[in-house]
Amino acid sequence: MLEKGLLKSEELYKYILETSVYPREAEPLKELRAITANHPNCLMATAPDAGQLIRMVLSLLNAKRTIEIGVFTGYSLLLTALTIPDDGKIIAIDQDREAYEYGLPVIKRAGVEHKITFVESDALMALDHLLEDNGNKNSLDFAYVDADKKSYKKYHEKLLQLIKVGGIIVYDNTLWGGTVVMPEESVIDRMKPGRQYTIEFNAFLALDDQVHISHVPVGDGITICKRLK
Ligand code: SAH
Ligand code: CA
């Protein structure tokens, strides 16, 4: 977990986690984090410090209707489900149902499964499907995007139609392990495509006048966007 931190000092990252994040992390989230640590792709899960900021954003917004692209075993999904009100809704999209089901027993025990509609699908197809119904436009308070980096720009375009003016979209991994500032030849091969997509997406967002943005170095970097018009 610690190697995901982008701070120069691992001690400082550990200090933040141990002082401010872990003591306030809900028990079901701790449990999900523990079982996910045994999953081969465990590094994909949302970092707990980023999760804490997402929880803050959800509660500042009083978010009730949300969408998530990229569920994996459900850390950010469970965090969202625990934060929104009992009649809140989350559309959770992932093409990998198995990973979702890996964490589902924890979600069920936490008593929040009724807020979740899981959609097993390619995310672009699922978003297009939602957009076919005009009733879904401008209807969501919050979106969290944590899937294939090459499609972030397209997700942005479609999500801006689904969320309300004043709504928030949060993108994960927008510093891509810090590789965005490394020369390409010094980056390991498996990180190269994501690095390139992330650099392009960050440059694109910086010029998008439909949103306010804040690029925050928690977890693996998140970018918070507020829809302005
Ligand atoms: N938010 C999760 C981590 C998501 S990891 C957590 O907190 O644990 C990325 C997920 O995106 C994976 O589960 C992967 O199956 C999914 N994904 C990648 N590309 C996708 C696509 N095109 N459509 C739908 N899901 C996709
Ligand atoms: Ca992520």
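The values are calculated or read from the model by the stated rules, or taken from the named source; none is laboratory data. All of these numbers come straight from a predicted model, not from anything done at the bench. Don't worry about glycine lacking a Cβ; one is built from the backbone with ideal geometry, like all the others, and counts go over all protein chains shown. Only protein heavy atoms, including side chains, enter the accessible area calculation; ligands, DNA and RNA are left aside. Shrake-Rupley method; radii C 1.70, N 1.55, O 1.52, S 1.80 Å.
Things worth noting here:
- Meets criteria (of a type in the set (Gly, Ala, Ser), touching a residue at least 40 places away in the same chain (Cβ under 8 Å) and open to solvent by 30 Å² or more (accessible area, probe 1.4 Å)) for residue 26: yes
- Number of the exception - residue 181 against (1) surrounded by fewer than 21 Cβ atoms within 10 Å (Cβ to Cβ); (2) of a type outside the set (S, T, N, Q); (3) more than 30 Å from residue 8 (Cβ to Cβ); (4) away from ligand 2 (no atom under 16 Å from the Cβ): (3)
- Residues in region 146-201 that are charged (D, E, K, R) and either in contact (Cβ under 8 Å) with a residue 24 or more places away in the chain or within 30 Å of residue 134 (Cβ to Cβ) (or both): 146, 148, 149, 150, 153, 154, 157, 158, 164, 172, 200.
- Some residue of region 53-76 being surrounded by 22 or more Cβ atoms within 10 Å (Cβ to Cβ), of a type in the set (Phe, Trp, Tyr) and either modelled with pLDDT of 95 or more or within 16 Å of ligand 2 (Cβ to nearest atom) (or both): yes
- The set of residues in region 21-74 that are over 30 Å from residue 128 (Cα atoms), charged (D, E, K, R) and in a helix (DSSP H, G or I) comprises 24, 27, 30, 31, 33, 49.
- Lone qualifier among 109, 97 - being out of contact with any Gly (no Cβ under 9 Å at 6 or more places or on another chain) and either closer than 23 Å to residue 127 by Cβ or open to solvent by less than 50 Å² (accessible area, probe 1.4 Å) (or both): 97
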